[in-house]
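Asks: There's a structure below that I have some questions on.
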Amino acid sequence: MPAMKNIPFLTLLTLLTLITPVFPMGEVPKTPATSEATLQINWIRTIGTPGSGDGQLLSPQDVYVTTVGDLYTKLGDVFVADTGNNRIQRFDDRGTYIYQFGRFGNDKGTFNTPNALTVDFNNLIYVVEKDGTRVQQFDIKGNYISQFGSLGSDDGQFIDPKGIGLDNLGYLYVADTGNNRIQKLRTDGTLLLKIGGFGWGDGFMNSPTDMAIDRWRTIYVADTLNNRVEKFDEFGRYVAAFGRAGSKESQFKNPQGIAVDDQFIYVVDSGNHRLQIFDKNGNWQKSYGHSGIGEDEFQNPVGISLGNNGMIFIADKDNHRIVELQLIP
């Protein structure tokens, strides 16, 4: 230290500041509980082949997997929005075709670009149509029950809706993409809450295409053209956001699908042809996949659903298939 005797005190203090890490509130950041090294994703199988026959798919854009079985629905059954064929198809937990319903049209029970679907606790199926600008309700066998929605920007109306989800109280959420908002609705279409509005700032959106709601009714939105995920509380109040445009870790190119469980946020990073996984605070954990037609590859993936035991199902749109993966912590 003798060489430092003649260094002025303020200069020495500046040097120490530059080489000493500074943490907010004097706290050293915690190491994430999981990391790239500890999370493993295994490719399990694909469901569907290109075409329009039974069990074949054309540009599927969403998938839903049952996590509770009953008399009519076996645990792990897979429901697919077979968008290009304007129908819904159902497969068992091994990917075997069971049945289908729907055809092209704008009448009751027909579809005009079905983009997304979900199944509630009563085994009622809800399908949102981008070009039909409505939500239709069916029983578990595919029999039409009711519908709501029309083209417009008023409460309960939609422009290019692309995503649908449910919370644990049974309320529906629709990604009203063209209106740059999320609508929370009763199952008869009665509006309860609107979130968003066009923009780039906190709480605003640019073409949101999907949302997911966790057990605490926190809402996570795939804010597609803003290339980020936004987080809101159950009352629609903005909480946080993460992500920006790019192809590196934690960056997105048109993310279009999102799912959550108690530990992770799963984002289908469509333009980068991959899945990214984050913890509930938005810290990156793992990426999986790249562009292609084989295993570990996607071509414009869109929708996502989580099954039991770490199972992940992704609608691999331009490969005309559903990809089944398993996450192993």
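The values are calculated or read from the model by the stated rules, or taken from the named source; none is laboratory data. Keep in mind it's a predicted model, so treat the numbers as computed, not measured. All Cβ positions, glycine included, derive from the backbone under ideal geometry; neighbour counts span all protein chains shown. In case anyone asks, the SASA skips ligands and DNA or RNA and just uses the protein heavy atoms, side chains included. Shrake-Rupley method; radii C 1.70, N 1.55, O 1.52, S 1.80 Å.
Asks: Modelling each spin label as a point 7 Å along the Cα-to-Cβ direction, I'd like the N168/D131 distance in nm, to one decimal.
Replies: 3.9
Asks: Which whole-number value in Å² is the accessible area per residue of region 197-329, probe 1.4 Å?
Replies: Numbers: 5110 Å² over 133 residues.
It amounts to 38 Å² per residue over region 197-329.
Asks: Counting only protein heavy atoms, what percent of the accessible surface of the chain is carbon or sulfur at a 1.4 Å probe? Let's see the in-between values first.
Replies: On the way: 7890 of 15200 Å².
Reported share for carbon and sulfur atoms: 52 percent.
Asks: So what are the three principal axis dimensions of the chain from its Cα atoms, in whole Å, longest to shortest?
Replies: For the chain, the Cα spread along each principal axis is 87, 43, 32 Å.
Asks: Restricting to Cα atoms and excluding each atom paired with itself, what does the Kirkwood estimate give for region 141-208 in Å? Let's see the in-between values first.
Replies: Details: mean 1/r = 0.0805 Å⁻¹.
In region 141-208 this quantity evaluates to 12.4 Å.
Asks: Let me ask something additional. Give the value in nm², to one decimal: projected area of the alpha carbon convex hull of region 172-317, averaged over all directions.
Replies: Numbers: hull surface 33.7 nm².
Computed as one quarter of the Cα hull surface, the answer is 8.4 nm².
Asks: Still on this structure: Starting from the Cα-Cα distance between D54 and D120, subtract it from 0.36 nm times their residue separation and give me the gain in nm to one decimal. List each step's numbers first, then the result.
Replies: Numbers: separation 66, 0.36 × 66 = 23.76 nm, distance 2.49 nm.
Full extension of this stretch gives 21.3 nm more.
Asks: Specify whether the C-alpha gyration tensor of region 96-233 places it in the rounded, prolate or oblate class, a ≥ b ≥ c being the square roots of the eigenvalues: rounded for a/c under 1.5, otherwise prolate if a/b is larger than b/c and oblate if not. Mind dumping the intermediate values first?
Replies: Details: a/c = 1.85, a/b = 1.50, b/c = 1.24.
Because a/c hits 1.5 or more and a/b exceeds b/c, region 96-233 counts as prolate.
Asks: Which three lengths, in whole Å and largest first, does region 231-301 cover when its Cα atoms are put on their principal axes?
Replies: Sorted from largest, the Cα extents of region 231-301 read 42, 24, 18 Å.
Asks: Given 0.36 nm per residue, what is the gain on full extension from D139 to R103 after removing their alpha carbon distance, in nm? Show your work: numbers first, answer last.
Replies: Numbers: separation 36, 0.36 × 36 = 12.96 nm, distance 1.65 nm.
Net length gain for the segment: 11.3 nm.
Asks: Set the Förster distance to 25 Å, then compute FRET efficiency between T218 and A245 from the Cβ-Cβ distance, nearest 0.05.
Replies: Values: r = 24 Å, r/R0 = 0.98.
Rounded to the nearest 0.05, the efficiency is 0.55.
Asks: To the nearest 10 degrees, how steeply does helix 9-19 sit against the main Cα axis of the chain, on a 0 to 90 scale?
Replies: Value to nearest ten degrees: 30.
Asks: Trypsin sites (Lys or Arg not before Pro) within region 213-253: which are DSSP loop residues with at most 11 other Cβ atoms inside 10 Å? It would help to have the intermediate numbers written out before the result.
Replies: Values: sites: R215, R217, R228, K231, R237, R244, K248, K253; in loops: R215, R217, R237, K248, K253.
Answer by residue number: R215, R237, K248.
Asks: Quick one: divide the alpha-carbon radius of gyration of region 62-169 by 2.2 N^0.38 Å and tell me what you get. The partial results should precede the final answer.
Replies: On the way: Rg = 13.3 Å, N = 108, 2.2 N^0.38 = 13.0 Å.
My calculation over the Cα atoms of region 62-169 gives 1.02.
Asks: Follow-up question, since we're still on this one. Put Y266, Y171, Y99 in order of accessible area, largest first, 1.4 Å probe: what do you get? List each step's numbers first, then the result.
Replies: Working: Y266 5, Y171 65, Y99 45 Å².
Result, largest first: Y171, Y99, Y266.
Asks: Shifting gears a bit: If you take every residue apart from Q100 with its C-beta less than 12 Å away from the C-beta of Q100, what net charge results, scoring Lys and Arg +1 and Asp and Glu -1? Don't jump to the answer; show the numbers that get you there.
Replies: Values: positive: R87, R90, R103, K141; negative: D54, D82.
With Lys, Arg at +1 and Asp, Glu at -1, the neighbours total +2.
Asks: Ignoring ligands, DNA and RNA, how do D262, D107 rank by accessible area with a 1.4 Å probe, largest first?
Replies: D107, D262
Asks: Top to bottom by accessible area (1.4 Å), largest first, where do K286, K194 land?
Replies: Numbers: K286 25, K194 100 Å².
The ordering from most to least exposed comes out as K194, K286.
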